[in-house]
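Scroll down for the structure; my scribbles are underneath it.
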Amino acid sequence: MFVTRKYPPRRGGMELLSYEVTTRIALRRPVRIVAAKGGVWSLPWFMLRAAVQLFVGCSRGEVALVHLGDPVLAPLATIARAFGVRVVVTIHGLDITYDVWPYPLLRHIFLRRVDACVFISRATKAAAAQRDVAARRTETIGIGVDLSSIPTPEVDREDNLLLFVGRLVKRKGLAWFVGEVLPDLTRDHSNLRLAVIGEGSERRRIEAVASAAGVGDRLLWLGAVPDASKWQWLARATVCVMPNVPVDGDMEGYGIVALEAIACGCPLVAADLEGLRDAVDGFEGRILLPAGAAPEWRLALRALLDDCNARNRMIVDARRWIEAARDWTAIIDRYDRLFSDLIAERCS
């Protein structure tokens, strides 16, 4: 039984991971998916509904293993463990670093009742260790990319188009970027634009910072766009930027946009921070820069904007690397082995 409060049609990294794991495991073994359909306000009702379904399924002997989509759902482990059913939880980032009371206490109590934790990155695992989260078994399993859903670029790549894709929140670093990096780049590249895909609470602040820095007219606000449009922008962009900055109590658990950019053959410049390191680990074409180091960002981006050959060298064999290193099949294999091991333990 999969229980998740993050599931399509809502969009995001947690939603993507929940969908891919549940649907791909369902091709291998019988699965029941209990997914939330409402927003945060509906969480108490969802927890009640999930608890009832879990209790009924376990009491009938229909549930061999429970996978919880994130630690917020950890209280449900109490029900499963009462029937001797093994429990796995996947930990993403903010779900382990969020320290507003009473969540840390609840996390401390209920995560001790799970049998295994899956961390999506080494950074997430390190953050959990700092908070004394240690299950009997732990695995670090990242996020994959389905190349069949990402078309080969069919548009010409532009020479003066930066692209940002992500939620407009502080840790994504867009306000810092438009205030400290973009103005310097526009002095040398009069036609430079920054397209922004995404929505979030920081938009007004970013607009204010951009206006104060004299680059407000360089930003193209695209909002949330369908995947097909996102692939088109990644195919057109000169460089995709991920200028994350460290934020207390929040973190970048992985960075799926980095993989999507690479899959689209888009040069990537990202902060050398948290889960972003794991996302692109092993890809030779990556450029990782210190978070918040404006001079280094200006220098690297100016060099890429000025040198088409350098950009082309970055993306050689990009899709081949995605297929070899970030294919969903290998990731699901690891989840399936973990599930099988835990089920076998219960039956032995």
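The values are calculated or read from the model by the stated rules, or taken from the named source; none is laboratory data. Worth saying up front: this structure is predicted, and the values here are computed from it rather than measured. Virtual Cβ from ideal backbone geometry, glycine too; neighbours counted across all protein chains shown.
Pick from 213, 208, 195: which is out of contact with any strand residue (DSSP E or B) (no Cβ under 6 Å at 6 or more places or on another chain), small (Gly, Ala, Ser), assigned by TED's automatic domain parsing to the domain that holds residue 227 and buried (at least 16 other Cβ atoms within 10 Å of the Cβ)? Steps first, please.
On the way: 208 fails: buried (at least 16 other Cβ atoms within 10 Å of the Cβ); 195 fails: out of contact with any strand residue (DSSP E or B) (no Cβ under 6 Å at 6 or more places or on another chain).
Just one listed residue meets the conditions, 213.
Of the residues in segment 302-336, how many are more than 30 Å from residue 181 (Cα to Cα) and either of a type in the set (Asp, Glu) or loosely packed, with under 12 Cβ neighbours inside 10 Å (or both)?
7
Would segment 261-273 turn up any residue that is in contact with a Gly (Cβ under 9 Å, 6 or more places away or on another chain), surrounded by fewer than 22 Cβ atoms within 10 Å (Cβ to Cβ) and either at pLDDT 95 or above or not in a helix (DSSP H, G or I) (or both)?
Checking segment 261-273: not a single residue is in contact with a Gly (Cβ under 9 Å, 6 or more places away or on another chain), surrounded by fewer than 22 Cβ atoms within 10 Å (Cβ to Cβ) and either at pLDDT 95 or above or not in a helix (DSSP H, G or I) (or both).
Which of the residues belonging to segment 75-85 are surrounded by fewer than 24 Cβ atoms within 10 Å (Cβ to Cβ) and touching a residue at least 40 places away in the same chain (Cβ under 8 Å)?
84, 85
Between residues in segment 219-233 that are under 22 Å from residue 175 (Cβ atoms) and part of a strand (DSSP E or B) and residues that are modelled with pLDDT of 95 or more and basic (Lys, Arg), which pairs lie under 8 Å by C-beta distance while being six or more apart or on different chains?
Listed by first residue and then by second, the contacts come to 219/193; 220/193; 221/203.
Could you check residue 89 against (1) among the β-branched types (Val, Ile, Thr); (2) crowded, with 16+ Cβ neighbours inside 10 Å; (3) within 22 Å of residue 145 (Cβ to Cβ) and say which number it fails?
(3)
Does segment 167-182 contain at least one residue that is in contact (Cβ under 8 Å) with a residue 40 or more places away in the chain, within 21 Å of residue 264 (Cα to Cα) and part of a strand (DSSP E or B)?
no
Taking segment 246-260, which residues are in a loop (DSSP other than H, G, I, E, B) and within 21 Å of residue 328 (Cβ to Cβ)?
In the first step, residues of segment 246-260 are kept if they are in a loop (DSSP other than H, G, I, E, B); the result is 246, 248-249, 251-255.
Once the filter is applied, which keeps residues that are in a loop (DSSP other than H, G, I, E, B) and within 21 Å of residue 328 (Cβ to Cβ), segment 246-260 yields 252, 253, 254, 255.
Filtering segment 2-28 down to residues that are among the basic types (Lys, Arg) and either without any contact (Cβ under 8 Å) to a residue 24 or more places away in the chain or in contact with a helix residue (DSSP H, G or I) (Cβ under 8 Å, 6 or more places away or on another chain) (or both), which residue is surrounded by the most Cβ atoms within 10 Å (Cβ to Cβ)?
5
Quick one: how many residues across segment 29-48 are assigned to a helix (DSSP H, G or I) and either surrounded by 15 or more Cβ atoms within 10 Å (Cβ to Cβ) or touching a Phe, Trp or Tyr at 6+ places or on another chain (Cβ under 7 Å) (or both)? Walk me through how you get there before you give the answer.
So the first thing to find is which residues in segment 29-48 are assigned to a helix (DSSP H, G or I), and the list is 40-48.
From the residues that got through so far, the ones that are either surrounded by 15 or more Cβ atoms within 10 Å (Cβ to Cβ) or touching a Phe, Trp or Tyr at 6+ places or on another chain (Cβ under 7 Å) (or both) too are 46-47.
Residues in segment 29-48 being assigned to a helix (DSSP H, G or I) and either surrounded by 15 or more Cβ atoms within 10 Å (Cβ to Cβ) or touching a Phe, Trp or Tyr at 6+ places or on another chain (Cβ under 7 Å) (or both): 2 in total.
Could you grab the pairs with beta carbons closer than 6 Å, sequence gap of 6+ or different chains, first residue in segment 319-342 and farther than 20 Å from residue 19 by Cβ, second one exposed (fewer than 14 other Cβ atoms within 10 Å of the Cβ)?
Listed by first residue and then by second, the contacts come to 325/282.
Residue 17 fails exactly one of the following numbered conditions: (1) under 23 Å from residue 138 (Cα atoms); (2) touching a Pro at 6+ places or on another chain (Cβ under 9 Å). What is the number of that condition?
Against the list (1) under 23 Å from residue 138 (Cα atoms); (2) touching a Pro at 6+ places or on another chain (Cβ under 9 Å), residue 17 comes up short only on (2).
The conditions are (1) more than 30 Å from residue 217 (Cα to Cα); (2) modelled with pLDDT under 95; (3) more than 20 Å from the chain's Cα centre (by Cα); (4) crowded, with 20+ Cβ neighbours inside 10 Å, and residue 101 fails exactly one of them. Which is it?
With (1) more than 30 Å from residue 217 (Cα to Cα); (2) modelled with pLDDT under 95; (3) more than 20 Å from the chain's Cα centre (by Cα); (4) crowded, with 20+ Cβ neighbours inside 10 Å applied to residue 101, the lone miss is (4).
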